[in-house]
Structures are given as C-alpha cells and as structure tokens.
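Notes to accompany the following structure.
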Amino acid sequence: MRKILIVVDMQNDFIDGALGTPEALAIVDNVKYKIREYRPDDIFVTMDTHGPGYLSTQEGRNLPVEHCIKGTEGWKIREDIAELIEGAHVYEKPSFGSMKLAEDIAEIAAAEEIGIEIIGLCTDICVVRLP
C-alpha cells in the first residue's frame with residue numbers, strides 16, 4: 001500500500017504570523033519529523049492563498065484578518081519545512097479545501113491502494129470539511 005502524507009497550511013501566517021498561535025509553533029518539530037518519513041512524491045502540501053482584496057471576500061468578511069496574501073512572507077511555507085518538501089506536490093487554495101488535491105488523490109486511489117496521513121494546521125476546515 002502506498003502511504004501519502006498531506007501537509008496542511010504550514011505557512012508563516014498560521015505558525016507565528018497574523019494568525020499564529022503557541023500551539024501552532026509547538027507542532028513544527030513533529031511536522032518536520034513526519035515529513036522525513038515520506039518520499040517527496042508521496043507528499044501533498046496545501047497553501048492557503050489569498051489576493052490583496054481578501055477582506056472583501058466572503059471569508060474575509062467572516063475572518064477579517066489579512067493572512068496568506070500571495071507573495072508575502074506570511075504566505076510562504078515556513079523555511080525549515082519548505083526545505084523538506086522540495087519535490088512535493090503543492091496546491092494553492094483560495095479557500096478552505098482544494099478540489100484539485102481531492103481529484104489527484106482520487107486518481108491515485110483508483111490505480112492503487114493508498115493510506116493517507118494528514119498533518120498540519122486547521123486540518124478540520126482546510127482539508128476535511130464535515131457537515
């Protein structure tokens with residue numbers, strides 16, 4: 001069985017930036033440890049990605065904190081994590097989930113048996129959205 005790792009939104013703004021928390025900072029070493037267990041081709045990374053008009057979007061009106069604005073330092077994957085994910089699949093997503101990520105994982109699952117491990121930040125809303 002192929003093991004796949006999904007790394008969710010390990011970006012500066014969520015770790016120690018605009019929406020950072022001590023809890024987010026505390027998981028960084030464990031995330032790096034887990035990434036080292038996988039080959040780059042089996043790692044799928046999401047990046048929350050907004051434009052300069054973020055505050056006028058539906059999400060921005062509900063979460064009025066500018067964050068992960070494409071091209072800013074806060075948007076970037078934390079540097080020590082970015083070094084470990086070179087060659088991984090990266091998905092920029094303008095909202096909570098990524099349809100492209102779901103489609104790509106489904107395509108792999110149609111061809112072979114897979115197991116999925118999810119790590120990172122906001123995994124309950126940024127990848128898995130339950131009713």
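Quick notes
- Of the residues making up the range 28-53, those that are in a loop (DSSP other than H, G, I, E, B) and more than 24 Å from P94 (Cα to Cα) are R36, E37, Y38, R39.
- Contact annotation: residue pairs with Cβ atoms under 7 Å, 6 or more positions apart or on different chains, pairing a residue in the range 111-131 that is closer than 23 Å to R2 by Cβ and of a type in the set (A, V, I, L, M) with a partner that is part of a loop (DSSP other than H, G, I, E, B) and modelled with pLDDT under 95, are I118/V127; V127/G97.
- Residues that are of a type in the set (F, W, Y), within 12 Å of the chain's Cα centre (by Cα) and farther than 17 Å from H67 by Cβ, drawn from the range 3-48: F44
- Subset of the range 13-23 [surrounded by 20 or more Cβ atoms within 10 Å (Cβ to Cβ) and assigned to a helix (DSSP H, G or I)]: D13, F14, I15
- Taking first residues from the range 1-22 that are at positive phi and partners that are surrounded by 21 or more Cβ atoms within 10 Å (Cβ to Cβ) and polar (S, T, N, Q), the Cβ contacts under 6 Å between residues at least 6 apart in sequence or on separate chains come to D9/T46.
- Breaking point among (1) of a type in the set (G, A, S); (2) part of a helix (DSSP H, G or I); (3) modelled with pLDDT of 95 or more, for G74: (2)
- For beta carbons closer than 9 Å, sequence separation of 6+ or different chains, a first residue in the range 91-104 that is touching a residue at least 24 places away in the same chain (Cβ under 8 Å) and a second that is among the aromatic types (F, W, Y) and loosely packed, with under 15 Cβ neighbours inside 10 Å, there are no qualifying pairs.
- Residues being acidic (D, E) and in contact (Cβ under 8 Å) with a residue 60 or more places away in the chain - total across the range 37-67: 1
- Of the listed requirements (1) assigned to a helix (DSSP H, G or I); (2) in contact with a strand residue (DSSP E or B) (Cβ under 8 Å, 6 or more places away or on another chain), L84 misses just one: (2).
- Of all residues in the range 37-83, those satisfying the criterion of being farther than 17 Å from L19 by Cβ and crowded, with 19+ Cβ neighbours inside 10 Å are I43, F44, V45.
The values are calculated or read from the model by the stated rules, or taken from the named source; none is laboratory data. Keep in mind that this is a model prediction, so the values were computed, not measured. A quick note on method: Cβ atoms are made from the backbone with ideal geometry, for glycine too, and the neighbour counts reach across all protein chains shown.
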